[in-house]
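Each value in this text was obtained by applying a stated rule to the coordinates, not by laboratory testing. Not measured: the values here are computed from a predicted model. Every residue, glycine among them, receives a Cβ derived from its backbone with ideal geometry; neighbour counts consider all protein chains shown.
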Amino acid sequence: MYSDNRFYRLPALRGPLGGSVLKYQKKVDFDLPVYLFKQGTNFESYDFFGSHPVLLDGEKGVLFRVWAPNAEAVSLVGDFNGWDPGALPMENVKDSGIWECFTTLVREYDVYKYCVIQKGGKEVYKADPYAFHAETRPGNASKVYDLEGYQWGDRAWEKAEAKKDVVNAPMNIYELHAGSWRTYPDGNPFNYRDLAKELIPYIKEMGYTHVELMPVAEHPFDGSWGYQVTGYYAPTSRYGSPHDFMAFVDACHQNGIGVLMDWVPAHFPRDEFGLYMFDGTCCYEDQDPLRREHKEWGTMVFDYGRGEVQSFLISNALYWLRRFHIDGLRVDAVASMLYLDYNRKDGEWRPNRDGGNENLEAIAFLRKLNKAVFERVPGALMIAEESTAWPMVTRPPQDGGLGFNFKWNMGWMNDVLQYMSTDPLFRKGNHDKLTFSFFYAFSENFVLPISHDEVVHGKCSLINKMPGEYDQKFAQLRAFYGYMTAHPGKKLLFMGQEFGQFTEWSEEHGLDWNLLGYDRHRQLQAYVAKLNRLYRDLPVFWQADYSWDGFQWIVPDDNSQSVIIFRRMDRAGNEIIAACNFTPVTREDYQFGVPRPGSYKVLLSSDDEAFGGSGVRLPAARSRKRPMHGLDHSISVTLPAFSAVYFSVPAEKKAVKKAPAKKAAPKKAAKKTVDQ
């Protein structure tokens, strides 16, 4: 139909200075982008598929393309043609399985679907897999939307981020569900722009470096929190338009805040209007019935070995990073991708070609994904939520790794929450849960996550996991946060836990901000803000996170008193000592080794009265020349009940070289006279 006048969009390039340049060009060869798509290497497939405004033979209109390789017929339907399947039939171009049509009938924000006639004649109305915008639930049609026109203002941020050493930089993440952080008085969620206005001052005040959004890709069911995606290329319309979401990211960047987003390539839902059985056959889902479903989630597994699926998913990752300037993706449910027997009983899975339980296609896909991302967006953060002991998740593919640059430390999270939930009387028998993570802390680039998953579904809020009475709960939570901040690894805390929300989180309403009217909640919030600023400002907490050069044990084994003490160092030789007491007993005259002579002052105490503590006096401790714990000097301090205390370490005195003494000049012999 348009064999000589077919148009496509050139890839939108996001360089170190930000912004994008998008041009229309007459397409002479249809075959190249299709060939790359089928090979799994068209990483800008969103510029080829979906709906795009073009100028064709002097007429302004919209070009639609969709992949449906086994469909009998496909047509474009919407309000503009009365949803009549016969009004705008699409052409299967060169029998490629890619259907297209051009029309002048549609305008921006018009809703549309593809009417797909499956083999056997069944008619199914499908949303566009590449749509940039969608109806707000309960509607589920796609919307025509032109991404162009937003004027970015984050050039300075983009330029700085492109040069940053992200592994050795501070990263303290505030995890956020956009719909329930705060709401309007009528209970409706903020839109993206109002969210930015309210959230950014709070993030800056609290000292976080990044926000992490739970999935914002379009999803039909609020209760899935975004983890069952039907519109992979559409920021959910619950909170506004794609340009509104760009404005949110832009505002964060202009205020020095990074933006991460949860991304879900592990599964997709069975909603008929979505990717599921798109043309009546398995297009996006695995064709093997023993690999196709996650039955416990009621979702489908992507076919990671299929080129078209690889192009779809890798393009999607790059789409968020380049077109929306997202700084990084937290990749959800990686473990479910890696193992063929993940949550499957015997007989419910099929071994790979080598007889193992590894999903070889998914492994290859993840390596390909990370390689493609880092080649195009070198400063990106690719964070794996991987809950097993799979090796080398954060090592390069050429070394046998998966290629991520960070991994959530789920083992640490499970261990420490079990420990903190234990009655202090019995913690001495569980001391290993407090210390074990340090033995593998440098095997991967870890993020320490206390996420939404830990405060829902009957697990209770973080503060309610703490045993004891009201004040003891707050004291233990402060001690835990102090331990977490000093522990090697980047940090993540879910919203509401910074001020001690007692109820479990629910997506149905906003956080209990009214609690800040009570002293203990307000004091806990102030303590977290102080911790965050201390973390951000002192390189000892993050500069050598993934090396023994930045950490050394002092007291790892005092299980009888539930005390641990360790050092954190930066590359310049600065350091602090963190001491944690997880019992309700104040430890007076507690002695431990220190690295240098001098006065050890308290940098921060979770027991400070300003934070709701008892305010036990903690004067500076002068070291003695008494070796302990393998160190040449020691100090004696008081460790308050349920506390974390940071001590500043005196600067190392550099030996002053004395200048060599000058030799006396030899005396000159007296000059003899003639008379002599």
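What the table below lists for this structure:
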| quantity | calculated |
| --- | --- |
| Under DSSP loop assignment and at most 12 Cβ neighbours within 10 Å, longest chymotrypsin sites (Phe, Trp or Tyr not before Pro)-free interval of the chain | 110-517 |
| Helix-only [θ]222 nm of the chain, DSSP H runs n ≥ 4, -39500 (n - 2.57) each, per residue, nearest 500 | -6500 deg cm²/dmol |
| Whether segment 315-447 is rounded, prolate or oblate, judged on the alpha carbon gyration tensor where a/c under 1.5 counts as rounded | oblate |
| Only Lys, Arg (+1) and Asp, Glu (-1) charged, at Cβ; the chain dipole about Cα centre in debye | 4700 debye |
| Alpha carbon centroid spacing (whole Å) that separates segment 86-110 from segment 394-434 | 51 Å |
| For the chain, alpha-carbon Rg over 2.2 N^0.38 Å | 1.15 |
| Spin-label pair Trp513/Arg624, simplified geometry with 7 Å Cα→Cβ offset, distance in nm | 5.3 nm |
| Lys, Arg +1 and Asp, Glu -1 on Cβ, resulting dipole of segment 377-441 about Cα centre, debye, nearest 20 | 140 debye |
| Most positive-pole-ward Cα, Phe406, Ala160, Ile450, against dipole of the chain from beta carbon charges | Ala160 |
| Charge sum, other residues only, whose C-beta stays under 12 Å from Asp545's C-beta, Lys/Arg counted +1 and Asp/Glu -1 | 0 |
| Segment Ser443-Thr183, length gained on full extension (0.36 nm per residue, minus Cα span) | 89.5 nm |
| Segment 395-552: C-alpha gyration tensor shape, a/c 1.5 cut-off, then a/b vs b/c | prolate |
| Dipole-positive endmost among Met300, Leu290, Phe439 within the chain (Cβ charges, Cα centre) | Phe439 |
| Entries of Lys164/Lys601; Lys159/Lys204; Lys38/Lys126; Lys60/Lys119; Lys38/Lys371 with Cα pairs more than 23 Å apart | Lys164/Lys601; Lys60/Lys119 |
| Spatial separation of Cα centroids for segment 267-282 and segment 514-591, in angstrom | 49 Å |
| Which of Val334, Pro391, Phe647, positive extreme of dipole for the chain (C-beta unit charges) | Phe647 |
| Derived scalar couplings ³J(HN,Hα) [segment 618-625; Karplus, 6.51 cos²θ - 1.76 cosθ + 1.60; whole Hz; x for Gly, Pro] | 10, x, 4, 10, 8, 6, 10, 7 |
| Rounded to the nearest 20 debye, dipole of segment 555-648 from Cβ charges on Lys, Arg, Asp, Glu | 420 debye |
| Helix 242-254 vs. the chain, principal-axis angle (Cα, 0 to 90°, nearest 10) | 20 degrees |
| Global geometry of segment 454-534, whether rounded, prolate or oblate, following the gyration tensor of its Cα atoms and the 1.5 cut on a/c | rounded |
| Paramagnetic label zone (point 7 Å from Cα along Cα-to-C-beta, Phe221; backbone N under 15 Å) in segment 270-304 | 270-276, 294-301 |
| Rounded FRET efficiency, nearest 0.05, which uses the C-beta distance separating Glu358 from Tyr202 and R0 of 30 Å | 0.10 |
